[in-house]
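In what follows, a structure is listed as structure tokens, so that the remarks can point back to it.
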Amino acid sequence: MPNIQVKLRRGTATEHSSFTGAEGEVTVDTTNDTLRVHDGSTAGGIRLAKLSEVSGGTGTVTSVDSGTGLTGGPITTSGTLSIESGGVGTTELADNGVTFAKMQNINTAKVIGRTTAGSGDPEEVSILDDDTMATASATSLATSESIKAYVDAQTGGISKWSSGWVTQDNQGSPTSLANQATLTFTHNLGTADVNVCVYVAGSSAGAGANQVFFSESSTARYGAVAKNMQSNSVDIQLANNGVHIVGSNGLSTTPSWGDINATHIKVVVTG
């Protein structure tokens, strides 16, 4: 190297704190063994970082100031920030023991959380999209689409039909509900594998409605029975002696059809 020496003005960090250099002037910080670049107005100038300070360094996080992406004020609790090379690894705040789960190379749908009770570190939780729920797991979540598809599949085959409140003349004659009458109801559900409920009432609004069942004694037959079930229709056979009704005292009474003023009937079919 040529035998030429260039010396710059120099001083300690303390001396620089009260020194304002000219614009473009460079001085030497003898405390930190680095340079300071001046702009003519900033006391102490702008200190340049050394290579050791920006490459391969380690240290302890003592505070994080609030700024873009942070709310609620600065974080002042000290702690150690450890990041694994090659990706985002485990991050811990040493002072309070909060641990953030490792996230790297996730190639399936997952969330971070816990599916078991009690304390513990967060962990990867799988999200399943299984419309049949065949892969159901106590440690996985399900998508809303798969839940809806599963529920629809369970209830999709169930249909319901109701005749509404009708009089006997809607189905045949006479115009009142007569013992021993057979009434045919067309439900068009397309299956003979059905459940049938029969109700009788005293008006088209269903006033005083009672559900009717069939019962038999040695001398009398009460209620109604569903018979001749077809894929699209069912016959309701009214019994010979009226219906059983549970009175206010909880005891069964056996008035005739006319005794309960049963002018209307409703049949509900599910299948």
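Summed over segment 210-235, residues that are within 13 Å of residue 177 (Cβ to Cβ) and touching a Gly at 6+ places or on another chain (Cβ under 9 Å) total 2.
When only residues in segment 241-255 that are assigned to a loop (DSSP other than H, G, I, E, B) and exposed (fewer than 13 other Cβ atoms within 10 Å of the Cβ) count, which is modelled with the lowest pLDDT? Filtering segment 241-255 for residues that are assigned to a loop (DSSP other than H, G, I, E, B) and exposed (fewer than 13 other Cβ atoms within 10 Å of the Cβ), the one modelled with the lowest pLDDT comes out as 247.
For segment 163-172, filtered to residues that are polar (S, T, N, Q) and closer than 14 Å to residue 263 by Cβ, the residue that is modelled with the highest pLDDT is 167.
Taken together, the residues in segment 120-165 that are within 30 Å of residue 194 (Cβ to Cβ) and over 18 Å from the mean Cα position of the chain (by Cα) amount to 14.
So that you can scan it fast, the table gives a plain yes or no per residue for (1) of a type in the set (Lys, Arg); (2) modelled with pLDDT of 95 or more; (3) surrounded by fewer than 10 Cβ atoms within 10 Å (Cβ to Cβ); (4) over 30 Å from residue 9 (Cα atoms):
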residue	(1), (2), (3), (4)
47	yes, no, no, no
52	no, no, yes, no
58	no, no, yes, yes
64	no, no, no, yes
71	no, no, yes, yes
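Scanning segment 213-238 for residues that are open to solvent by 50 Å² or more (accessible area, probe 1.4 Å), in a strand (DSSP E or B) and under 23 Å from residue 192 (Cα atoms) yields 225, 227. Scanning segment 108-142 for residues that are within 26 Å of residue 152 (Cβ to Cβ), of a type in the set (Gly, Ala, Ser) and modelled with pLDDT under 80 yields one hit, 109.
Within segment 130-166, the set of residues being surrounded by 14 or more Cβ atoms within 10 Å (Cβ to Cβ) and of a type in the set (D, E, K, R) comprises 130, 131. Of the residues making up segment 182-212, those that are assigned to a loop (DSSP other than H, G, I, E, B) and within 17 Å of residue 263 (Cα to Cα) are 202, 203, 204, 205, 206, 207, 208, 209. Pull out all pairs, ordered by first then second residue, where Cβ-Cβ is under 9 Å, the residues are six or more apart or on different chains, the first lies in segment 120-134 and is under 15 Å from residue 110 (Cα atoms), and the second is among the acidic types (Asp, Glu). Listed pairs, sorted by first residue: 129/145.
The values are calculated or read from the model by the stated rules, or taken from the named source; none is laboratory data. As the structure is a computational prediction, the values presented were derived from the model and not from experiment. Neighbour counts run over all protein chains shown; Cβ positions are idealised from the backbone, glycine included. Remember, those area values only see protein heavy atoms, side chains included, never the ligands or the DNA or RNA. Shrake-Rupley method; radii C 1.70, N 1.55, O 1.52, S 1.80 Å.
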